[in-house]
Every structure is written in structure tokens, then in C-alpha cells.
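The values are calculated or read from the model by the stated rules, or taken from the named source; none is laboratory data. No experiment lies behind these values; they were computed from the predicted model shown. Ideal geometry is used to build each Cβ from the backbone, glycine not excepted, and the neighbour counts take in all protein chains shown. All accessible areas refer to the heavy atoms of the entire protein, side chains included, with ligands and DNA or RNA removed. Shrake-Rupley method; radii C 1.70, N 1.55, O 1.52, S 1.80 Å.
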Amino acid sequence: FSNSILYTVIGTIISLALTLSSAYVLARKDFHSRHFFAILFLIPMFFSGGMIPTYLIVDRLNMINTIWGFIIPGCLSIWNVLVTRTFMVQSVPWELIEAAKLDGCDDFTLFFKIVLPLCIPIIAIMTLFYAVGYWNSYFNSLLYLTDPSLYPLQRILSDIIISSDISSMGTGGGL
């Protein structure tokens, strides 16, 4: 249970940080390469490398049987980045950003003191999406965790269900 809570909290924080920062960069009108980077984000959304190359990368980075092997492979959802970027474009007035720049606001201050407070609704939604996703995730533990002391609750429950199905098949008590 504590592993599930730990994975959910850390994974949600990392995912939110990556999603909000990348969506902010893609939402900026004065970032001239934003269309190029948006296309770079979209390509892996439609054509992923697959499970075997992802496993090989996690293995080569020595993240098997670590918390990072469970969290990092799924920490950024391109769809959530696009939804967050769209919210930022529609909800944060460009004039407000220009006024803050004229008043001497740098990009980090602009992001943390102006954009993020205006984006609290999408932050709440993305927090919910990522937290539920990490809480319900058991497939990453099937791939990247072999130490039972690192299993999340969902993996243990999945193992119990599978073992009860197998034991009921041997007794003839199916239907």
C-alpha cells in the first residue's frame, strides 16, 4: 500500500511538472519554433517505439527494480500536454503576458506567478488524471519490477486474482 502511495505521489508531481512546463512553452506565441516542437510531440503520440524498445532503454539505464523504472516510462502524456496547452492558450490572455514582460517579468516569474495561478482548474484535472493513472497502473510493475517488496498494491491484487482463477480451474468449480 505504501509503495502505491509513494509511486502515485512522486509520479504525479513529476508528470505535472513536465506537462505544465512543456505546455507553457508550446503555448507561447513568441516562441518561434513551437510548431516544430508540437510536431515532434505529436509523432510519438501516433507512432510509439513499442514495449520492447522501451524495456531495453529502461534496462540499459539500470532502472529495473527501481522506483524510477516504474515512474519514468509513463511520466508524460502527450495528449495531456496538448489539452493543457490548449487551456493555456484560451485562458491566459496574451495581453497579460505582454504587460508582465513590459513590467520586467522574466519567464520563470511569468510562469510561476501569472500563468500557474490562472491555470488552477487544468492543474486540478491533470493531477486527478495522473494520480488515477499511477494508482491503477500495474502493467509497468509487470515489466520493470521483479522484487516483490517494490510491488504496488494493484500488482499484488492482480496476482491474487490470477492465482485464484488458476486454482478454481483445477478443482472444476468454474461454471
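Of all residues in the stretch 96-113, those that are in contact (Cβ under 8 Å) with a residue 12 or more places away in the chain have Cβ atoms under 8 Å from Cβ atoms of residues that are among the hydroxyl-bearing types (Ser, Thr, Tyr) and part of a helix (DSSP H, G or I), 6 or more apart or on another chain, in Ala100/Thr109; Phe111/Ser21; Phe111/Tyr24.
Out of Val132, Val115, report the one residue that is open to solvent by less than 30 Å² (accessible area, probe 1.4 Å) and either under 24 Å from Lys29 (Cβ atoms) or at pLDDT 85 or above (or both).
The unique qualifying residue is Val115.
If you filter the stretch 29-51 down to residues that are among the aromatic types (Phe, Trp, Tyr) and outside any helix (DSSP H, G or I), you find that the one that is most open to solvent (accessible area, probe 1.4 Å) is Phe47. The set of residues in the stretch 10-69 being among the aliphatic types (A, V, I, L, M) and either touching a Ser or Thr at 6+ places or on another chain (Cβ under 8 Å) or within 24 Å of Glu95 (Cα to Cα) (or both) consists of Leu16, Leu20, Ala23, Val25, Leu26, Ala27, Ala38, Ile64. If you check Thr86, Thr54 for being surrounded by 16 or more Cβ atoms within 10 Å (Cβ to Cβ) and closer than 21 Å to Ser15 by Cβ, only one passes: Thr54.
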